[in-house]
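Participant: The structure is given below, and queries will be raised subsequently.
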Amino acid sequence: MKRYVIHIASAIFTFLFVYTALNKLFELGTFTQVLLKSPLLSEFAPVIAWVIPFAELLTAALLLFPRTLLLGLYAFAGLMLLFSLYIGYMLLFTSHLPCSCGGVLKHLSWREHLVFNICFVVVAVIVIFLEKSNHNQDRRFKLA
């Protein structure tokens, strides 16, 4: 049962990051312009506009293979936590919130997006624990 939860969650995480990365790359000009409007990221917007989608694609690739799954789960949780911290900062400390999401996520408010991200962080942490317990169990069987 744990293995199914891990596979389903990993597939959802992979789909989410591939979808959002491709959306950012296809709309790179728009994504860069939105980042330029961010008081926190404007100075590095041209670089960040490329780094984020490629980090998402790399993370998605890590999630596809058993040998790199745990690393991919950590990367996914870390990126989602980073995105959540950014959204939290923007909600707390800025009066103007630029719209930076594309695709389906553009219909979420900033608060809804924060809740969405935090839910994914929580699920990712749970899946990390499940994967680590499976990994430890697999090692015990190999030693016996």
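The values are calculated or read from the model by the stated rules, or taken from the named source; none is laboratory data. The structure presented is a predicted model; accordingly, all values stated were derived computationally and were not measured. Positions of Cβ are generated from backbone atoms using ideal geometry, with glycine treated the same way; all protein chains shown enter the neighbour counts.
Participant: Among the residues of region 63-72, is there at least one that is at pLDDT 95 or above, among the charged types (D, E, K, R) and either over 18 Å from PHE15 (Cβ atoms) or not in a helix (DSSP H, G or I) (or both)?
Facilitator: Yes, region 63-72 contains a residue that is at pLDDT 95 or above, among the charged types (D, E, K, R) and either over 18 Å from PHE15 (Cβ atoms) or not in a helix (DSSP H, G or I) (or both).
Participant: Something else now. Would a scan of region 30-42 turn up a residue that is in contact with a Gly (Cβ under 7 Å, 6 or more places away or on another chain), in a helix (DSSP H, G or I) and surrounded by 14 or more Cβ atoms within 10 Å (Cβ to Cβ)?
Facilitator: no
Participant: Would you confirm whether any residue within region 117-130 is closer than 23 Å to PHE26 by Cα, out of contact with any Leu (no Cβ under 7 Å at 6 or more places or on another chain), touching a residue at least 60 places away in the same chain (Cβ under 8 Å) and surrounded by 15 or more Cβ atoms within 10 Å (Cβ to Cβ)?
Facilitator: Within region 117-130 (the criterion being closer than 23 Å to PHE26 by Cα, out of contact with any Leu (no Cβ under 7 Å at 6 or more places or on another chain), touching a residue at least 60 places away in the same chain (Cβ under 8 Å) and surrounded by 15 or more Cβ atoms within 10 Å (Cβ to Cβ)), the answer is no, since none of the residues qualifies.
Participant: Kindly indicate the residue of region 89-116 that is surrounded by 15 or more Cβ atoms within 10 Å (Cβ to Cβ) and part of a helix (DSSP H, G or I) and also modelled with the lowest pLDDT among those meeting that condition.
Facilitator: Among those residues, the one meeting the criterion is LEU105.
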